[in-house]
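Here it is, the structure in full.
The values are calculated or read from the model by the stated rules, or taken from the named source; none is laboratory data. All of these numbers come straight from a predicted model, not from anything done at the bench. All Cβ positions, glycine included, derive from the backbone under ideal geometry; neighbour counts span all protein chains shown. Heavy atoms of the whole protein, side chains included, go into the accessibility calculation; ligands, DNA and RNA do not. Shrake-Rupley method; radii C 1.70, N 1.55, O 1.52, S 1.80 Å.
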Amino acid sequence: MAIRVRFAPSPTGYLHIGGARTALFNWLYARRHGGTFVLRIEDTDAERSSWDMVAGIVDGLKWLGLDWDEGPDVGGPHAPYFQSQRLDRYREMAERLVSAGHAYYCYCTPDELRARRDAAQATDGGWKYDRACCALTAERRSELEVAGAPRAVRFKVPKGETGFDDLVHGRIAFDNANIEDFVALRSDGLPTYHLSVVADDIDMQITHVVRGDDHISNTPKQLLIYEALGQPAPKFAHVPLILGPDRKRLSKRHGATSVTEYQRQGYVSEAMVNFLALLGWSPGTDRELFTRDELIAAFTLEGISGGNAVFNPEKLDWFNQQHMMRLADEDVAALLEPRLREKGFWRPEYAAAERPWLLCVIALLKPRVRRLDQFLEDGAFFFNEALDYDTRAVAKYLSGDGIRGHLEAFERVLKSVEPFAASPLESGLRSLAAARGVKPATLIHATRVAVTGRAVSPGLFEVLELLGRERCLERLRQAIGIASA
């Protein structure tokens, strides 16, 4: 049987971390087995559904590299892939359930239901729907129909037990006595989640449902609908929830929850995919770094753990650094270009004559940064002509006795050294330090602040080489003006 899985988000306007991990597991499983990955939008409320709300989800999936075989943008044999365009199908299935005796019309108003629930809770504290409408006489139902009373469709839960073999947790069973007759179709004609998801999974021939643990309690209701319709149910794999570092469910209080927000913050998609894959899944070894293709080759549903996963931002930073180190400098340059433009650092020459220089800057900074934005933060002195001096660095390294004289002496070295490259520059500074009777570190720290404006940078002599003689001399003169005599 060809494997068919789906990712079916609600149109919230963005792809959150938990949804992205669920989509990734489905995508990996489909790609591993040569199956089909379906994207379906669960937007039963047509008035609130718009492409703008879907676009954030689509953009997030595309950034992660999770392409779908059927769904929005690409179509497919089971279209439409928006629930708001499938309402007639859900109503038809609801009527089939009623006709077969597996469901019945419920005319209870929200006020009536609330009153009965409150009365029950005032006595024994528990209540589930009392099947009042299931016991209506044909005459009473006819009266309500003639009066045009609003009606919902309730599924008639049979006696017994409903269970399934979860591919992650093993056997899970529910006593049907604890499941009330649930609404399948609301009185406004819109389906509940249970009916719409079953109808769609049947029509789209879904073979495996991989979703969050929070859906386990929904599964018995959906299995009852499959059984009532005489349709085989897919296999279910419920994956652990993602928790914040405080072991509470991941939310905005833990930081960004939107995948595209991490993109804006400077994370690369390869790192996010790798990080998400290991939230609740293990390859069975201690290996941590994977490409997408390597994840496809290694992924199994059996590798998903039953325990909740913890979102560790520091670990994500580590993955990002590792994957940026794996990227070619040219690829990093392409990722940086829009950020350089936004910051006002971009020069047309960076795409032409100065491209080799830009790639050298990237290669120098890459081992030190964890996010793309850090290239611009740590390397601002390369792109910005005006230096923003760190006052603490100035106070610490440009205020000692004789610093101005040392810098003036090094200025003469910079003017004469040939070639203007890291090794001759280092030799020149160390020789000057020996001649002036000071430690090389004294000149190194002072020069670093002079040319970068900060106390920390990549290797000073590589920085000097990339800045070039003229810029170094200009900045050294500026620093001489503020350094202590």
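Mind checking which of Met93, Val146, Asn274 is farthest towards the positive end of the chain's charge dipole, using Cβ charges of +1 (Lys, Arg) and -1 (Asp, Glu) about the Cα centre?
Asn274
Would you grab the residues whose amide H sits under 5 Å from the one on Trp281? Only those 5+ places off in sequence or on another chain, please, with H modelled 1.01 Å from N.
Ser305
Moving on. Taking amide H atoms as placed 1.01 Å from N in the peptide plane, list the residues 5 or more away in sequence, or in a different chain, whose amide H sits under 5 Å from that of Asp166.
Arg171, Ile172
Given a 1.4 Å probe, how much area per residue of the range 266-378 is accessible, in Å²? Spell out each step's value before the answer.
Numbers: 5100 Å² over 113 residues.
Accessible surface, normalised per residue, equals 45 Å².
Rounded to the nearest whole Å², what accessible area per residue is found for the range 1-95 with the 1.4 Å probe? Don't skip to the answer; put the middle values down first.
Values: 3790 Å² over 95 residues.
For the range 1-95, the per-residue accessible area is 40 Å².
Using only Cα atoms and rounding to the nearest 10 degrees, what angle (0 to 90) does helix 87-99 make with the longest principal axis of the chain?
So the helix axis and the longest Cα principal axis differ by about 30 degrees.
Using a Förster radius of 45 Å, what is the FRET efficiency between Ile3 and Glu112 based on their Cβ-Cβ separation? Nearest 0.05, please.
0.45
Another one. Between the DSSP loop rule and a limit of at most 16 other Cβ atoms within 10 Å, which trypsin sites (Lys or Arg not before Pro) in the range 221-277 are left?
Answer by residue number: Arg247, Lys248.
Sticking with this one: Enumerate cysteines in the chain without a disulfide-compatible partner, where compatibility requires another Cys Cβ under 4.7 angstrom.
Cys108, Cys134, Cys360, Cys472
If you line up the long axis of helix 17-32 against the longest principal axis of the chain, both from Cα atoms, how many degrees apart are they, to the nearest 10?
Once rounded, one gets 80 degrees.
With only Lys, Arg, Asp and Glu charged, each at its Cβ (+1 for the first two, -1 for the last two), find how big the charge dipole of the chain is about the Cα centre; round to the nearest 20 debye.
Approximately 1200 debye in magnitude.
Further question on the same structure: Quick check on my link table: of Lys248/Lys315; Lys159/Lys235; Lys343/Lys415; Lys343/Lys366; Lys235/Lys315, which ones sit more than 27 Å apart, alpha carbon to alpha carbon?
Working: Lys248/Lys315 18 Å; Lys159/Lys235 23 Å; Lys343/Lys415 32 Å; Lys343/Lys366 19 Å; Lys235/Lys315 32 Å.
Violating the 27 Å limit, Cα to Cα: Lys343/Lys415; Lys235/Lys315.
For the range 323-472, what is the convex hull volume of its Cα atoms per residue in Å³?
On the way: hull volume 17.4 nm³, N = 150.
So the per-residue hull volume is 116 Å³.
Follow-up question, since we're still on this one. Based solely on its DSSP helices, what 222 nm [θ] is calculated for the chain when runs of n ≥ 4 H residues each add -39,500 (n - 2.57) and the sum is averaged over all residues, nearest 500 deg cm²/dmol?
Only helices count here, giving -14500 deg cm²/dmol.
Indicate the gyration tensor shape class of the range 206-353 (rounded, prolate or oblate), computed on the Cα atoms with a ≥ b ≥ c the square roots of the eigenvalues: a/c under 1.5 is rounded; otherwise a/b larger than b/c is prolate and the rest oblate.
In terms of gyration-tensor shape, prolate.
How far, in degrees from 0 to 90, does helix 193-203 lean away from the longest principal axis of the Cα atoms of the chain, to the nearest 10?
Around 90 degrees separate the two axes.
To continue, here is another question. Using a 1.4 Å probe, what is the accessible area per residue for the range 420-481, in Å²?
Details: 2470 Å² over 62 residues.
Value returned for the range 420-481: 40 Å² of accessible area per residue.
Which aspartates and glutamates, if any, have their Cα less than 17 Å from the Cα of Lys62, not counting same-chain residues under 8 positions apart?
Partners within reach: Asp52, Glu70, Asp73, Glu261, Glu270, Asp293.
If the viscosity is 1.567 mPa s and the temperature 4 °C, what Stokes-Einstein diffusion coefficient in µm²/s follows for the range 1-75 when Rh is the Kirkwood radius over Cα pairs? Please list the in-between numbers first.
On the way: Rh = 12.5 Å.
Taking Rh from Cα pairs, D becomes 104 µm²/s.
Express the carbon and sulfur contribution to the solvent-accessible surface of the chain as a percent, rounded to the nearest whole number, probe 1.4 angstrom.
49 percent
What distance in nm separates the simple spin-label points at Glu349 and Val310, each placed 7 Å from Cα in the Cβ direction?
With each label placed 7 Å out from Cα toward Cβ, I get 5.0 nm.
Among Thr109, Ala328, Leu460, pick out the residue whose Cα is farthest towards the positive end of the charge dipole of the chain, where Lys and Arg carry +1 and Asp and Glu carry -1 on C-beta, about the Cα centre.
Leu460
Consider the candidate values [x] 71, 67, 40; [y] 89, 59, 45; [z] 110, 50, 40; state which one is Cα extents along the principal axes in Å computed from the structure displayed.
Computing Cα extents along the principal axes in Å and matching it to [x] 71, 67, 40; [y] 89, 59, 45; [z] 110, 50, 40 gives [z].
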